[in-house]
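Have a look at the structure below before the remarks.
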Amino acid sequence: MTPSADSTSDVNQKLVDQYTEIARLAGGLAHEIKNPLSTIRLNMELLAEDFSESDNPRDRRALSKVQVVQRECQRLEKLLDNFLDFAKVRRPKRKPTNLNDQVREVLDFFRPKARECGIEVIDYLASDLPTVLLDRESFRGSLLNLVLNAQQAMPDGGQLMVRTSATGDGVALDLIDTGRGMDESTRAHIFDAFFSTKSGGSGLGLPTARKIIEAHGGRIRVQSEPGRGTQFTIKLPVPARLAAVPDVPAQET
């Protein structure tokens, strides 16, 4: 017997409610951890100030140990912030948006860092893209995360190409870098929470980016080979009522 639409909707709502409750509890726990962690960090800063004025070898050794605790506190606080962002229940406030405008904003922000790192940024943004519905702030955050991920994959410089195009049922955004690439084993786990190949990485950046994209009704996939770079492709749907209206830039008067 095929389940009715109402029963399927009830099951989906129960799953959403369960996830919401788990996310709420996880967020509460993370906040409870952050409070004593902040106290530890503050006291470590006070101790560091006391020991920094001494030339005594014993005090200098103590200062070195205090600084290790400070770094670990900072790392844990960053991890908790990333976890809270990942665990957040996402109900994006989507508005009709020009995807190219969002891409340009992120690339304009990134270009100074790209020049500093020897990365050439090339963009091919289709002029006939249909309008999409985006929560602009959260989508920009996920896109910036992918761009910074590409930068980290090119420590010796390289090229980042960003292109947009219309598809049969929506739009596509490709980010292609000439970095180190990934083997099959790494590629299979990059969207797993807490999986990271970077020293000190939280392993939550890409999973969070995927959650944001999926909350928009989109999907993300990755293609990569060691030594040949990586391509992330984001596909976003276009609502039927907007699909017939291409997003053509207004002409200057």
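The values are calculated or read from the model by the stated rules, or taken from the named source; none is laboratory data. Values in this document were obtained by computation on a predicted structure and should not be read as measured data. All Cβ positions, even for glycine, are placed from backbone atoms using ideal geometry, and neighbour counts span all protein chains on display.
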Within the stretch 98-120, which residues are assigned to a strand (DSSP E or B) and either outside the structural domain of ASP169 (by TED's automatic domain parsing) or surrounded by fewer than 17 Cβ atoms within 10 Å (Cβ to Cβ) (or both)? GLU120
Scan of the stretch 160-180 for residues that are closer than 24 Å to SER196 by Cβ and touching a strand residue (DSSP E or B) at 6+ places or on another chain (Cβ under 7 Å), ordered by number: LEU160, VAL162, LEU173, ASP174, LEU175, ILE176, ASP177, THR178, GLY179
Within the stretch 37-76, considering residues that are of a type in the set (Asp, Glu) and within 30 Å of LEU204 (Cβ to Cβ), the one surrounded by the most Cβ atoms within 10 Å (Cβ to Cβ): GLU72
If I ask for residues that are touching a strand residue (DSSP E or B) at 6+ places or on another chain (Cβ under 7 Å) and outside any helix (DSSP H, G or I), which ones from the stretch 126-144 would you list? ALA126, ASP128, LEU129, PRO130, THR131, VAL132, LEU133, LEU134
Tell me whether the stretch 162-178 contains one or more residues that are within 14 Å of the chain's Cα centre (by Cα), in the same structural domain as GLU214 (by TED's automatic domain parsing) and closer than 19 Å to ARG221 by Cα. yes
